[in-house]
1. Could you say which residue among Glu97, Glu112 is under 19 Å from Arg181 (Cβ atoms), touching a Lys or Arg at 6+ places or on another chain (Cβ under 9 Å) and surrounded by fewer than 18 Cβ atoms within 10 Å (Cβ to Cβ)?
2. Given the residues Glu54, Glu27, Glu35, Glu12, which is the only one that is among the acidic types (Asp, Glu), surrounded by fewer than 19 Cβ atoms within 10 Å (Cβ to Cβ) and in contact with a Lys or Arg (Cβ under 8 Å, 6 or more places away or on another chain)?
3. Kindly state which helices (runs of 4 or more DSSP H) lie completely within region 1-111 and contain at least 3 residues that are farther than 27 Å from Arg141 by Cα and in contact with a Phe, Trp or Tyr (Cβ under 9 Å, 6 or more places away or on another chain).
4. Out of the residues in region 177-201 meeting the condition of being at pLDDT 95 or above and assigned to a loop (DSSP other than H, G, I, E, B), tell me which one is nearest to Val67 (Cα to Cα).
5. Got a number for residues in region 107-150 being under 20 Å from Gly167 (Cα atoms) and of a type in the set (S, T, N, Q)?
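The values are calculated or read from the model by the stated rules, or taken from the named source; none is laboratory data. The shown structure was predicted, so the numbers you read here are calculated from the model rather than taken from an experiment. Note that each Cβ is placed from the backbone with ideal geometry, even for glycine, and that neighbours are counted across all protein chains shown.
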Amino acid sequence: MVLMSLTKEQHEILLQVAKQAIWHGLETGKPLTVEPRDYAPALQEQKASFVTLEIDNHLRGCIGTIVAFQPLVSDVAYHAYAAAFADPRFTQLQREEFAQLAIHISILSQPEPIEFISESHLLQQLRPGIDGVIITAGKQRATFLPSVWESLAEPRDFLMQLKRKAGLDPHYWSNTIKVERYTVESISEQTSQEHRDPRAA
């Protein structure tokens with residue numbers, strides 16, 4: 001379940017693509033189309049990603065997928081735009097906010113099921129700070145990225161809030177619950193006052 005690490009240069013390219021996608025959205029109101037063949041083979045592989053936007057350490061948008069369905073570079077562009085303009089929890093990003101953005105990209109490994117016989121058995125297997133977790137109960141489904149462990153360090157608290165996110169009671173339990181985990185390769189760009197039109201970079 002270990003991801004093949006990208007190079008530092010490829011990290012920078014993905015961050016640049018994310019910035020370009022957001023700036024393109026501010027300029028045109030439309031998503032940015034990228035041509036995967038213009039990028040390294042590692043960035044053309046189908047992978048799932050999340051893009052998280054923050055301003056002053058506060059969440060400003062986060063959109064992604066847990067199922068890979070398109071080339072990584074396209075996925076990052078798609079979710080960067082969506083995080084800025086289509087996260088239903090926030091208003092659309094404004095031009096004056098662009099310079100304040102800190103961009104975080106999470107590249108997900110293929111989810112793997114966790115086998116367990118009880119809730120306590122499941123909790124024993126969770127790895128704080130490492131596991132991204134997906135919970136499925138019937139039609140209810142939700143995930144937390146590994147970064148959520150920073151605010152929910154205890155496995156029980158983590159699982160209770162994940163169930164809440166899925167629309168379940170925090171104390172809900174059923175033998176039909178399915179849980180999967182994944183790891184992420186994290187790419188982060190801290191806030192910089194030098195964020196400008198990325199076409200001028």
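1. Checking each option against the conditions leaves just Glu112.
2. From the options Glu54, Glu27, Glu35, Glu12, the qualifying one is Glu54.
3. Answer list for region 1-111: 8-28.
4. Step by step, filter region 177-201, then rank; the result is Thr183.
5. 3
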